[in-house]
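Let me begin by presenting the structure, written as C-alpha cells, before commenting on it.
Throughout, read-outs are computed from the coordinates displayed, never taken from laboratory work. Please read all numbers here as calculations on a predicted model, not as lab measurements. Cβ placement follows ideal geometry from the backbone for every residue including glycine, while neighbour counts extend to all protein chains displayed.
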Ligand code: FES
C-alpha cells in the first residue's frame with residue numbers, strides 16, 4: 001500500500017522540463033514589460049513549444065502580474081491556443097463565414113472521416129491534430145485549409161483527399 005504524504009507538506013507543482021524552461025525564460029523577459037503583452041507572449045510560447053503547457057501558466061502569470069486564472073481564461077477563450085502537444089501534422093480547416101458558405105463544414109466532416117480524428121483532437125497515434133480555424137485570410141479563394149504552416153485555397157473534396165493522403169504518407 002502507498003504511504004500517505006505527510007500532512008504538513010505543500011503539494012509540489014509539476015515543473016516545466018529543462019528545454020521548455022529554456023525556451024520560456026527569454027520570452028517572459030521579452031514580453032513582461034510590454035503593455036498588453038499577454039497575447040503576444042502566449043503566441044510566442046505556442047510558436048516555440050507547439051502548445052502552452054499548464055506548468056508554464058504560473059510563470060506567465062507572475063511575469064505579467066496577472067492571476068493564474070486570468071492567464072488560463074485567456075488560453076481557453078481563444079481557439080488558437082493549445083493546452084496539450086499537437087500531433088506531428090496540424091491540419092486546420094477554416095470554419096469562418098466565407099469558407100462555411102463554400103463548403104467548410106463538409107470539408108471538416110470529410111477530414112474527420114479520412115483522418116479518423118474529430119475536430120479539436122489529436123489522433124491516438126499522434127500523427128495528426130485536426131482543428132477548426134477562423135479565417136486564414138483567403139476568403140476570396142475559399143474554402144481554405146492549412147496543413148502545418150502551408151495554406152491551401154479553393155479546396156475541393158478531391159483536393160482535400162489528395163492533400164491529406166500526401167500528409168499522412170509523409171509520416172514516418
Ligand atoms: S473565412 Fe476562411 S479564409 Fe477567411
Given N residues in the chain, what is Rg(Cα) / (2.2 N^0.38 Å)?
1.24
Please give the FRET efficiency for residue 68 paired with residue 109, using the beta carbon to beta carbon distance and R0 = 35 Å, rounded to the nearest 0.05.
0.40
Against the longest alpha carbon principal axis of the chain, how many degrees, from 0 to 90 and to the nearest 10, is the axis of helix 104-115 turned?
70 degrees
In the range 114-135, whose amide N lies under 19 Å from the spot 7 Å out along Cα-to-Cβ of residue 161? List them in ranges.
114-117
In degrees, nearest 10, the alpha-carbon axis of helix 18-31 is tilted away from the dominant principal axis of the alpha carbons of the chain by 90 degrees
Added length on full extension, which subtracts the Cα-Cα distance from 0.36 nm per residue, residue 80 to residue 121
13.5 nm
At a Förster distance of 35 Å, what's the computed FRET efficiency of residue 17 paired with residue 168, Cβ-Cβ distance as r, to 0.05?
0.75
When 118, 167 are ordered from fewest to most other Cβ atoms inside 10 Å of their Cβ, what list results?
118, 167
Between helix 38-49 and the chain: long-axis angle, C-alpha atoms, 0 to 90°, nearest 10
80 degrees
